[in-house]
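Written below as structure tokens is the structure these notes are about.
The values are calculated or read from the model by the stated rules, or taken from the named source; none is laboratory data. Keep in mind it's a predicted model, so treat the numbers as computed, not measured. Note that each Cβ is placed from the backbone with ideal geometry, even for glycine, and that neighbours are counted across all protein chains shown.
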Amino acid sequence: MKRFFCVVFLTVFLFTSCTVTYESNTYFALDTFISTNLPSGTAVDIEGYIRSLEALISKTDKNSEISRINENVRCTVSHDVASLLSFALEISEKTNGAFDVTCGAVSSLWDFRSDTPRPPSHEDIKKNLQNVGYYGIITDGDTSVEKASNDVKIDLGGIGKGYIAEKCVDRLHENGVDSGFISLGGNIAVVGKKENGDGWNVALRDPFRQNETVGNIVMESGYLSVSGDYERYFEYEGEKYHHIIDPKTGYPAVNELASVAVLCDNGALADALSTALFVMGLDGAMQFYKDGIYTFEAVCITKNGDVYTTDGINEKFKLTSENFIMK
Ligand code: AMP
Ligand code: MG
């Protein structure tokens with residue numbers, strides 16, 4: 001049995017070429033590598049802020065507000081957490097459960113950290129699947145949360161990093177910082193253009209070849225989130241099991257997609273939609289884009305190396321690898 005715990009370290013690679021001084025900082029938080037590239041002298045403590053938000057929404061920290069929700073049928077949380085949950089529930093409904101914030105009852109059965117990982121039993125998945133469904137929890141979006149049963153468990157793993165990315169950008173803007181970027185695992189947040197007025201050249205990671213890239217997206221602002229089957233997975237008896245779960249089956253979503261990148265001006269939405277589109281598969285993802293429920297753009301990469309883009313991203317995305325074909 002082979003085991004991989006490939007936390008995405010820069011799913012997206014960033015190249016800078018301007019002369020204005022920026023200061024880079026890298027550390028581990030949110031179960032991934034964080035890197036920031038901000039104008040030298042920026043006094044805002046982004047690392048401390050990220051750690052304080054992590055303490056609020058971590059599912060492994062017993063004292064977090066998410067643990068409080070998971071351990072009680074009824075509880076009161078901060079307004080920030082209730083409104084994030086409310087938004088996560090809205091996205092769960094609008095994506096018809098492809099993204100489902102209540103997938104915790106099954107996602108927690110998949111242990112990607114174990115030294116000897118193996119898939120959970122079919123019985124366990126079947127039993128716990130009954131407790132997955134966004135209609136099993138309600139919040140007033142202010143401070144109160146109520147669940148249909150205490151077996152309903154939430155998992156913010158598919159939206160939390162994008163949410164925190166946006167909170168960081170807001171905090172930087174409030175403090176007069178309007179240039180730079182932050183990378184939280186597969187989530188890039190652009191604080192603002194380079195000081196010379198150019199956008200940042202963000203390279204999409206090749207899902208099949210480590211340290212290679214597929215192409216570049218120029219970003220002047222906004223959020224880019226990538227979900228892929230190579231990010232966190234293990235192999236067991238010749239089968240690969242990755243961390244993006246189809247909430248309808250309780251198993252990793254299997255379709256033609258290897259990765260999905262979503263670009264939009266809301267960090268939490270970019271994060272949740274990259275997860276959702278991955279679960280939907282190529283046709284479902286493109287149909288969801290056409291339905292126009294949310295404003296976003298996407299790059300979908302299939303397992304056989306085809307690259308599909310939505311209409312509004314074509315002038316921003318450039319394919320650079322000969323291993324892929326634009327469709
Ligand atoms: P991402 O890397 O943003 O696609 O998020 C994957 C993480 O989100 C997983 O590690 C789980 O914690 C959680 N997750 C997995 N599948 C789903 C899903 N279908 N809906 C919501 N969250 C999910
Ligand atoms: Mg996500």
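May I ask you to say which residue of 58, 121 is of a type in the set (Ser, Thr, Tyr) and either within 16 Å of ligand 1 (Cβ to nearest atom) or modelled with pLDDT under 95 (or both)?
Going through 58, 121 in turn, just one is of a type in the set (Ser, Thr, Tyr) and either within 16 Å of ligand 1 (Cβ to nearest atom) or modelled with pLDDT under 95 (or both): 58.
Determine if segment 198-206 includes at least one residue that is assigned to a strand (DSSP E or B) and surrounded by fewer than 24 Cβ atoms within 10 Å (Cβ to Cβ). Within segment 198-206, one or more residues are assigned to a strand (DSSP E or B) and surrounded by fewer than 24 Cβ atoms within 10 Å (Cβ to Cβ). For residue 158, indicate whether it is in contact with a helix residue (DSSP H, G or I) (Cβ under 8 Å, 6 or more places away or on another chain), within 16 Å of ligand 2 (Cβ to nearest atom) and not in a loop (DSSP other than H, G, I, E, B). In short, no. Taking (1) more than 20 Å from residue 50 (Cβ to Cβ); (2) within 12 Å of ligand 1 (Cβ to nearest atom) in turn, residue 236 satisfies each apart from (2).
Looking at residue 309, is it polar (S, T, N, Q) and near ligand 1 (Cβ under 9 Å from one of its atoms)? Full working, then the answer.
Working: polar (S, T, N, Q): yes; near ligand 1 (Cβ under 9 Å from one of its atoms): no.
No.
Screening 74, 68 for residues that are surrounded by fewer than 16 Cβ atoms within 10 Å (Cβ to Cβ) and without any contact (Cβ under 8 Å) to a residue 24 or more places away in the chain leaves exactly one candidate, 68. Only residues that are under 23 Å from residue 111 (Cβ atoms), in contact (Cβ under 8 Å) with a residue 12 or more places away in the chain and either within 13 Å of ligand 2 (Cβ to nearest atom) or assigned to a loop (DSSP other than H, G, I, E, B) (or both) were counted across segment 243-258, and they come to 10. Which residues, counting only those in segment 162-195, are assigned to a loop (DSSP other than H, G, I, E, B), polar (S, T, N, Q) and either within 16 Å of ligand 1 (Cβ to nearest atom) or under 11 Å from residue 223 (Cα atoms) (or both)? Matches in segment 162-195: none. Residues in segment 140-161 that are within 16 Å of ligand 1 (Cβ to nearest atom) and within 12 Å of residue 104 (Cα to Cα) were compared, and the one that is surrounded by the most Cβ atoms within 10 Å (Cβ to Cβ) is 158.
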